[in-house]
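The values are calculated or read from the model by the stated rules, or taken from the named source; none is laboratory data. All values derive from a computational prediction rather than experimental measurement. Just the protein is used for accessible areas: all its heavy atoms, side chains included, with ligands, DNA and RNA removed. Shrake-Rupley method; radii C 1.70, N 1.55, O 1.52, S 1.80 Å.
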Amino acid sequence: VRAGFLLLHESFADVTKIPVLVPEVSPSVLQMIPPPLDVEVTETTVSLARRYPPGPLPDWQARSLGRPADEDFEHLQEGHFLSPAAWVDYWDVVLDGSGACARMRFTQLVTPVDDSVTRLQWRVSRDFSTGDSATTAQLAEMFAPYYATLAAALETMQRVIDEDGAATEVNVSSDVAALRVRQIVQAMLAEEDGPAPPARFVTRRSAPARSG
């Protein structure tokens, strides 16, 4: 991906882009006003979580689980910046009152090549319909174009930054996880006496994070 690795992490921290990039994959709850974001920060990690109100499954998942298309389920989202090399997303659908879930995991491994080129390896995993080859094939058909579209969007962002330079940005409360990730990476680079990337966040309007 011809974009800096921090742009990738900032993108992983924001799931609101999914209905735009891959509407056929996205559950309907992502088109609602997002519920409050819970963020936990340590010296080297950032975790975020949201609990969405009940909503219907996307068509592909309703079919794979054998559920009616108009049945509503609670959705749980988590995102974990584990290191500058790894971001992992959780997306769980609560199936019944016992807490049983249909779980999906999105693993993104990030390796900087230089300031504006990054290697990205991704894996999408699930714990439902694991023996169903049709679901496996459909997921591959959906997520390969998704990551290609994401890469194209990030490369456009990088070109704008390179050509126009840094600009004043206004951030809202949902940006707090991305802001924390940038701060952690800058601190790590400073400890290694390496050149820190220029700060692009000038105006901040973010919800307080809970330290842990």
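Per DSSP helix of 4 or more residues, -39500 (n - 2.57); summed, then divided by the residues of the chain. What does that give at 222 nm, rounded to the nearest 500? Spell out each step's value before the answer.
Numbers: 5 runs with 67 residues, N = 212.
Helices in the chain give a 222 nm mean residue ellipticity of -10000 deg cm²/dmol.
Rounded to a whole number of µm²/s, how large is the Stokes-Einstein D of the stretch 96-150 at 20 °C and 1.002 mPa s, given Rh as the Kirkwood radius over C-alpha pairs?
Working: Rh = 13.5 Å.
My calculation gives 159 µm²/s for D.
Can you give the Kirkwood hydrodynamic radius of the chain from its Cα pairs, in Å with one decimal? Don't skip to the end; give the middle numbers.
On the way: mean 1/r = 0.0544 Å⁻¹.
Computed over the chain, the radius equals 18.4 Å.
Output needed: percent of Cα pairs per 5 Å distance bin for the stretch 3-95, bins running from 0 to the one holding the longest distance.
3, 12, 22, 23, 17, 12, 8, 3, 1
Please list, in chain and number order, the residues 5+ apart from T45 or on another chain whose amide H is under 5 Å from its amide H, with Hs placed from the backbone.
Result for T45 returns nothing.
If I compute solvent accessible area with a 1.4 Å probe over the protein chains, what percent of it on the stretch 109-157 is carbon and sulfur? Kindly include the intermediate steps, with their values, before the conclusion.
On the way: 1500 of 2830 Å².
Heavy-atom surface of the stretch 109-157 belonging to carbon and sulfur, 1.4 Å probe: 53 percent.
Mind checking the per residue accessible area of the chain for me, 1.4 Å probe, whole number of Å²? Walk me through the numbers before you get to the answer.
Details: 11200 Å² over 212 residues.
Using a 1.4 Å probe on heavy atoms only, each residue of the chain averages 53 Å².
Counting only protein heavy atoms and a 1.4 Å probe, tell me what percentage of the stretch 3-91's accessible area is made up of carbon and sulfur. If you can, show how the numbers build up before the last one.
Numbers: 2210 of 3880 Å².
It is 57 percent, rounded to a whole number.
With θ set to phi - 60°, apply the Karplus curve 6.51 cos²θ - 1.76 cosθ + 1.60 along the stretch 76-81 and write out the HN-Hα couplings as whole Hz, x wherever there is a Gly or Pro.
10, 10, 9, x, 9, 7
For the stretch 119-187, what's the radius of gyration and Dmax over Cα atoms, in angstrom?
17.4, 50
Using amide H atoms built 1.01 Å from N in the peptide plane, name the residues 5+ places from S83, or on other chains, whose amide H lies under 5 Å from its own.
The answer is none.
Please identify the DSSP H helices in the chain that span no less than 18 Å along the helix axis (Cα) and have a mean Kyte-Doolittle hydropathy of 0.0 or more.
On the way: long enough: 133-164 (46 Å, 0.13); 176-191 (23 Å, 0.89).
Helices meeting the span and hydropathy rule in the chain are 133-164, 176-191.
For the stretch 48-143, how big is the tail of P(r) above 17 Å, as a whole percent of Cα pairs?
On the way: 2655 of 4560 pairs.
Percent of Cα pairs beyond 17 Å in the stretch 48-143: 58.
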